[in-house]
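Every read-out reported here was derived from the displayed coordinates using simple, explicitly stated rules and does not represent laboratory data. Worth saying up front: this structure is predicted, and the values here are computed from it rather than measured. Using ideal geometry, Cβ is built from the backbone for each residue, glycine included, and neighbour counts are taken over all protein chains shown.
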Amino acid sequence: MERILPFRFDEKEGVFWLLDQRRLPLEEVVVPVRTAKEMAEAIRAMVVRGAPAIGVSAAFGMVLAHLRGENLEEADRLLRQSRPTAVNLFHALDRMRPHWGNLEGSLKEALAIWHEVEETERAISQHGAKVLRGQVLTHCNTGPLATGGYGTALGAIVEAFRQGRVSHVWVDETRPYLQGARLTAYELQKAGVPATLITDNMAGFLMARGRVDVVLVGVDRMALNGDFANKIGTYALAVLAHHHGIPFYAALPLSSVDPGLESGEGIPIEERPAEEVLELRGMRLAPPGFPAYHPAFDVTPHRYLTGIVTERGILYPPFDEALRHALGLA
Ligand code: MRU
């Protein structure tokens, strides 16, 4: 099967090519990124998105800064300001810092960050598949486009389908940016997994009718107690799953845990332009002049989680102990 890659590095030309995710699924267009400044803009504009993919892209942004002789302090600052919620961005840039001034070292580290995404997601897919069965519901996009590897939640879902454990996937469209409708649907179609698109507000109805066996989502930043930020709508889904007694899991690489946060309260939540709520592909939905609010993420309290799927296996409550142990902090 053809593998989906959100980016590719042309080492000879020193160009990082991004598959423009704003234009999927209708058009597959790649855009060249030549400087850290351009990379920061591409991340901000969602040409590339998804927590692990943002981390890899930011790391290569620093490689480009070396290649183009940009001021490294400024490059790092611009990349850090591109998007606030996914912690992978900051972890990747922290890892690049010791290699500042050394092109070879910086390229090696960026490639290592990318390689680790693939390795951890292979493990996440295997572990995650074990908790999945029947009909799975997922939110946002957590597949190869969001990571540069196999995917976190979606990697596990595809693996579970291959193992015959999962029969069908409900794909939340994920208003307002539609990552589910545009990107997850695209990936599942390519992977040949039977799936159906629903609007986010249909999940409760399906759960009440017994048509959802398990929910699996991704993570943009998890605190040490297991509270986590993910795409707006995840919290509502967690509460619904809890109400209906449906297992609710989050899948993430341990690099998406912020060891500096004890709880989800301190997670910075990105607010995106109101236009993304007010318009759909340029078409106005509300009366002219009407205001809209667009928090791009929400925080799900750990009490709604059945388990956390990581590259080290599945973690169960008490999550603070399990996470500290998995991170080697205990
Ligand atoms: O705003 P996005 O598209 O970058 O948000 C992506 C998500 O919320 C994903 O669920 C998350 O990054 C996990 S990706 C493996």
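Of 85, 138, 120, how do they rank once you tally other Cβ atoms within 10 Å and put the fewest first? Intermediate results must be reported in sequence, preceding the final value.
On the way: 85 20, 138 27, 120 24.
Going from sparsest to densest Cβ surroundings: 85, 120, 138.
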query: Residue-wise, which Karplus ³J(HN,Hα) couplings in Hz belong to the range 271-276, taking 6.51 cos²θ - 1.76 cosθ + 1.60, θ = phi - 60°, and x for glycine or proline?
result: 10, 9, x, 4, 4, 5
- line: Checked the range 7-120 with the C-alpha gyration tensor, a ≥ b ≥ c its square-rooted eigenvalues, rounded below a/c of 1.5, otherwise prolate if a/b is larger than b/c and oblate if not; verdict rounded
field: Estimated vicinal HN-Hα couplings, Hz - the range 84-91 in sequence order (Karplus 6.51, -1.76, 1.60; Gly, Pro = x)
entry: x, 8, 5, 6, 4, 4, 6, 5
field: Net charge of Cβ neighbours under 14 Å - reference residue 293; Lys, Arg +1; Asp, Glu -1
entry: -3
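Suppose every K and R has +1 on its Cβ and every D and E has -1 on its Cβ; what is the size of the dipole of the chain about the Cα centre, in Debye to the nearest 20?
720
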task: Please name whichever of 314, 169, 30 sits farthest to the positive end of the charge dipole of the chain, dipole taken about the Cα centre and charges placed at Cβ: Lys and Arg +1, Asp and Glu -1.
output: 169
query: Whose amide H sits under 5 Å from the amide H of residue 165, counting only residues 5 or more places off or on another chain, with H placed in the peptide plane?
result: none
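Summing -39500 (n - 2.57) over the DSSP H runs of n ≥ 4 in the chain and dividing by its residue number, what mean residue ellipticity at 222 nm do you reach, to the nearest 500 deg cm²/dmol?
-10500 deg cm²/dmol
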field: Whole-Hz couplings from phi, Karplus 6.51/-1.76/1.60, listed for the range 310-321; x for Gly and Pro
entry: 10, 5, 9, x, 8, 9, 10, x, x, 5, 4, 5
task: Could you tell me, in Å, what Rg and Dmax come out for the Cα atoms of the range 229-330?
output: 17.2, 55
- request: State the dimensionless ratio Rg/Rh of the chain (Rg: radius of gyration of Cα atoms; Rh: Kirkwood radius).
  value: 0.96
- prompt: How much FRET efficiency would the formula 1/(1 + (r/R0)^6) give for residue 263 and residue 13, where r is the Cβ-Cβ distance and R0 is 41 Å, rounded to 0.05?
  reply: 0.35
task: Could you work out which residue, out of 286, 112, 160, moves most in a Gaussian network model of the chain, that is, has the largest mean-square fluctuation with Cα springs under 10 Å?
output: 286
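Which of the peptides 259-265, 126-132 is most tightly packed, and how do the rest follow, judged by the mean count of other Cβ atoms within 10 Å per residue?
126-132, 259-265
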- line: Of all DSSP beta bridges with both partners in the chain, the antiparallel percent, nearest 5, is 55
query: Amide H neighbours of residue 4 under 5 Å, counting only residues 5+ apart in sequence or on other chains, H built in-plane at 1.01 Å?
result: none
query: Taking the Cβ-Cβ separation of residue 211 and residue 108 as r and a Förster radius of 45 Å, what is the calculated FRET efficiency to the nearest 0.05?
result: 0.40
message: Could you sort the peptides 54-65, 184-195, 302-313 by per-residue average Cβ neighbour count (10 Å cutoff), highest mean leading?
response: 54-65, 302-313, 184-195
message: Whole angstrom only: what separates the Cα centroid of the range 165-205 from the Cα centroid of the range 278-330?
response: 17
- prompt: Between residue 261 and residues 5 or more places away or on another chain, which pairs have amide H atoms under 5 Å apart, with H built 1.01 Å from N, and which residues are they?
  reply: 224
statement: The local net charge around residue 191, scoring Lys/Arg +1 and Asp/Glu -1 for residues other than residue 191 whose Cβ lies under 12 Å from its Cβ, equals 0
